Amino acid sequence: MLEEALQRLQDQVDGLIKRNRTALQEERKLLKRLQRRQREADRASDRVTFVRSLEEAAGTQVLGGASDTTEDVGRLADLEQEAGRLFLTIIQRHIDA
């Protein structure tokens with residue numbers, strides 16, 4: 001009877017360890033994805049800033065006509081939203097743990 005109880009306890013501990021490992025692996029994946037999106041957002045932001053500085057120097061508006069840069073502005077907004085969602089997911093998992 002005692003051995004059975006110890007075995008059940010050990011099984012529960014093993015299950016908790018496995019769940020924690022799985023959660024940690026998922027969190028690492030989310031963090032890598034968040035870092036990748038942040039780098040993409042930084043690059044897009046740098047391109048937008050560069051074009052805007054060129055606009056100011058030239059006294060014209062290039063941004064409205066440059067489709068690549070307009071796409072960068074849209075992509076930057078998308079990346080910022082996704083990074084926010086990933087961050088909230090990570091925080092929620094810590095709260096749930």
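Quick notes on this one:
- Of all residues making up the stretch 31-88, the number that are modelled with pLDDT under 75 and either at positive phi or of a type in the set (Ser, Thr, Tyr) (or both): 5
- If you check Arg28, Arg37 for being closer than 20 Å to Arg85 by Cα, of a type in the set (Lys, Arg) and either touching a strand residue (DSSP E or B) at 6+ places or on another chain (Cβ under 8 Å) or surrounded by 14 or more Cβ atoms within 10 Å (Cβ to Cβ) (or both), only one passes: Arg37.
Per-residue answers, yes or no, for (1) polar (S, T, N, Q); (2) over 26 Å from the mean Cα position of the chain (by Cα):
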{"site": "Glu3", "(1), (2)": "no, yes"}
{"site": "Gln10", "(1), (2)": "yes, yes"}
{"site": "Asp14", "(1), (2)": "no, yes"}
{"site": "Ile17", "(1), (2)": "no, no"}
{"site": "Ala23", "(1), (2)": "no, no"}
{"site": "Arg28", "(1), (2)": "no, no"}
{"site": "Gln35", "(1), (2)": "yes, no"}
{"site": "Arg39", "(1), (2)": "no, no"}
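The values are calculated or read from the model by the stated rules, or taken from the named source; none is laboratory data. Keep in mind that what you see is a predicted model, and the values were worked out from it rather than measured. Please note: Cβ atoms are built from the backbone with ideal geometry, for glycine as well, and neighbour counts cover all protein chains shown.
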